[in-house]
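Participant: Take this structure, written in structure tokens, and hold onto it; I'll ask about it next.
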Amino acid sequence: PTTEKSNQAPSKVKEKNDPNKQYSNERGSDKDHLYIVVIGHVDAGKSTLMGRLLCELGEVSQRTLHKYEQESKKIGKQSFMYAWVLDETGEERVRGITMDVGRAQFETKTKKVIILDAPGHADFIPNMITGAGQADVALLVVDATRGEFESGFELGGQTREHALLVRSLGISQLAVAVNKLDTTNWSEDRFNEIVTKLKIFLKQAGFKDSDITYVPCSGLTGENLVKPPNELELCKWYKGPCLLDVIDRCNVPVRPVSKPLRMSINDIFKSTGTGFCVAGRIENGILNKGDKVLVCPIKELAEVKGISINDLASNVAFAGDQVSVTLSGVDMQNVSVGNVLSDPVQQVPVSSRFEARLVVFNVKVPITKGYPILIHHQSLVESANIVKLKALLNKSTGEILKKKPRCLGNNSVAVVDIEVCRPICIERYKDVKELGRVMLRVAGVTIAAGLITDIYDT
Ligand code: GDP
């Protein structure tokens, strides 16, 4: 089935027994939806690039652009004009950085693309985890300027950490914008140098060469974003697709529409009418207006009073959709971010203890039994402990190297048990990928990523 959407045309007959049929009927002839997360070191030019792309595609009105131009001149930061298209709050403008996951969208030949803009600062990585957890593909932006690529990539910059994170969050398709190439006079040698370095690293991080495309471009001048390059120096050696075409060629994953409903809540707000709204992404299944859903782990039944997708009312939403849902029958006070809307019969597992297969990135002190961590699971952050080290594995074969290891060092792969301070909604990775992943952080640093392999009764 396609993942297309028609927000206006509700189907008269709900074909609940044949979800796939309902799915294709509802989606009509619209374009596939593709969610993209933008990652990279701070100042790599992510916001400028996406802002410019939206402007080139006519997604931003002349009036708005003019307003940004005037405002940016006023505070003497005119180069930030395009970035503002994505950065909405005043504080971000003053600081000149993107803080939260801003939303914007545009269309390619075959797809509707929803951008989850990721922030570049190290302390905003929890936000990025939320953004990346919802994305199908990642756009990695690197600054080609001499010295800048190096500091973003080699000297403890975020290029590496972001790439590792998105891979751990299950993203396998990557477009790499080798950005600001205008500062090197469109040097082919510089482009190749960067591509060579990234290729080695991205392979180590678990990306396949065939799933990565490198595009030389400049967000500031708009070169090679939505149409073939004009720059003579670039035309001389680059014959590949522009950024928009690279995005267009990405694969939209098959959405698990026929599995039981799972929607993880990442925002809660008051609605204008009765009830209140929760926002999030439907990971599994289908949600219809009028459905009864179970809010977990609190296990309270709620009724779906309304659904909206991209601010348009809809009678139905499918796996892969970002939605806000109006609920009634449950007290807003009792619902929190990280709760899951579940099928009332085939319920999401709730537990505070699980087994995970960890990939350890970076730890100052080796992980030992009892090690305290923060786990990030979708939008949820909870304190937890690694309560058992069960086995150390061979990184490439997965064979057991050692049972009950005493500690885990950098770059190790291991099976551990984790105990969370309270019960949360989790799934085994093999059942529901999106709810089966956790990130482990300590003192603001991501130390490991894990896949949930078993869930214990607690
Ligand atoms: P972000 O932190 O990755 O979102 O980066 P911004 O988009 O805020 O850009 C950081 C700085 O780099 C700003 O001063 C931009 O004007 C500048 N910049 C962004 N893209 C380009 C580009 O393609 N070429 C040049 N020369 N400068 C750029």
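Participant: Classify segment 258-413 as rounded, prolate or oblate from the Cα gyration tensor: take a ≥ b ≥ c as the square roots of its eigenvalues, call it rounded if a/c is under 1.5, otherwise prolate when a/b beats b/c and oblate if not. Write out the running numbers ahead of the final one.
Facilitator: Numbers: a/c = 2.79, a/b = 2.42, b/c = 1.15.
Prolate, since a/c reaches 1.5 and a/b exceeds b/c.
Participant: Report the gain in length on full extension from residue 150 to residue 201: 0.36 nm times residue separation, minus Cα-Cα distance, nm rounded to one decimal.
Facilitator: On the way: separation 51, 0.36 × 51 = 18.36 nm, distance 1.32 nm.
Stretched fully, the residue 150-residue 201 segment lengthens by 17.0 nm.
Participant: Provide the net charge surrounding residue 242, with neighbours chosen by a C-beta distance below 13 Å and charges set as Lys +1, Arg +1, Asp -1, Glu -1. Intermediate values should be presented prior to the final figure.
Facilitator: Values: positive: 52, 109, 227, 239, 249; negative: 56, 223, 231, 245, 248.
Taking every Cβ under 13 Å from that of residue 242, the sum is 0.
Participant: Is segment 168-327 best put as rounded, prolate or oblate by its Cα gyration tensor, with a ≥ b ≥ c the root eigenvalues, rounded for a/c under 1.5, and otherwise prolate when a/b is larger than b/c, oblate when not? Walk me through the numbers before you get to the answer.
Facilitator: Values: a/c = 3.35, a/b = 2.42, b/c = 1.38.
Prolate is the answer for segment 168-327, as a/c is 1.5 or above and a/b outweighs b/c.
Participant: Which value, in debye to the nearest 20, gives the size of the charge dipole of segment 254-300 about its Cα centre, when Lys and Arg are +1 and Asp and Glu are -1 at the Cβ?
Facilitator: On the way: 8 positive and 4 negative charges, 24 e Å.
For segment 254-300, the charge dipole is close to 120 debye.
Participant: Let me ask something else. Could you size up the charge dipole of segment 396-447 around its Cα centre, putting +1 on the beta carbon of Lys and Arg and -1 on that of Asp and Glu, and report it in debye to the nearest 20?
Facilitator: Dipole of segment 396-447, to the nearest 20 debye: 180 debye.
Participant: Choose one of 314, 365, 377: the residue whose Cα lies farthest towards the positive end of the charge dipole of segment 308-392 (beta-carbon charges +1 Lys, Arg; -1 Asp, Glu; about the Cα centre).
Facilitator: Of 314, 365, 377, it is 365.
Participant: Out of 410, 439, 400, whose Cα points farthest toward the positive end of the dipole of segment 398-458 (charges: +1 Lys, Arg; -1 Asp, Glu; placed on Cβ)?
Facilitator: 410
Participant: Here's something else I'd like to know. Given R₀ = 22 Å, what would the calculated FRET efficiency be for residue 232 paired with residue 211, taking r from the Cβ atoms and rounding to 0.05? Walk me through the numbers on the way to the answer.
Facilitator: Numbers: r = 31 Å, r/R0 = 1.43.
The computed FRET efficiency comes out at 0.10.
Participant: Taking the Cβ of residue 390 as the centre, find all other residues whose Cβ is under 15 Å away and add up their charges (Lys, Arg: +1; Asp, Glu: -1). Could the numbers behind the result be given before it?
Facilitator: On the way: positive: 353, 357, 369, 388, 402, 403, 404, 406; negative: 355, 399, 417, 419, 454.
Combined, the nearby Lys, Arg, Asp and Glu give +3.
Participant: Follow-up. With respect to the cross-link table entries 31/199; 46/112; 112/305; 364/430, which display a Cα-Cα separation exceeding 24 Å? Let's see the in-between values first.
Facilitator: Numbers: 31/199 32 Å; 46/112 20 Å; 112/305 27 Å; 364/430 31 Å.
Exceeds cut-off: 31/199; 112/305; 364/430.
Participant: Taking the Cβ of residue 218 as the center, what net charge do the other residues with Cβ under 11 Å away carry, scoring Lys and Arg +1 and Asp and Glu -1? Write down the numbers at each step before the final one.
Facilitator: On the way: positive: 52, 180; negative: 143, 182, 223, 231.
Taking every Cβ under 11 Å from that of residue 218, the sum is -2.
Participant: I would also like to ask the following. Calculate the length of the line joining the C-alpha centroid of segment 217-232 to that of segment 242-304, in whole Å.
Facilitator: 36
Participant: What distance in nm lies between label points placed 7 Å from Cα along the C-beta direction at residue 62 and residue 457?
Facilitator: Label at residue 62, label at residue 457, 6.9 nm between them.
Participant: Can I ask one more? Can you compute the FRET efficiency between residue 399 and residue 421 using 1/(1 + (r/R0)^6), with r the Cβ-Cβ distance and R0 = 41 Å? Round to the nearest 0.05.
Facilitator: Values: r = 33 Å, r/R0 = 0.81.
Once the sixth-power term is evaluated, E becomes 0.80.
Participant: Under the classification rounded if a/c is under 1.5, otherwise prolate if a/b is larger than b/c and oblate if not, where does segment 194-254 fall, given a ≥ b ≥ c as square roots of the Cα gyration tensor eigenvalues?
Facilitator: Working: a/c = 2.51, a/b = 1.45, b/c = 1.74.
Oblate is the answer for segment 194-254, as a/c is 1.5 or above yet b/c matches or exceeds a/b.
Quick note: the coordinates plus some simple rules give every number you see, no bench work behind them. Keep in mind it's a predicted model, so treat the numbers as computed, not measured. Note: ideal-geometry Cβ built from the backbone for every residue, glycine included; neighbour counts use all protein chains shown.
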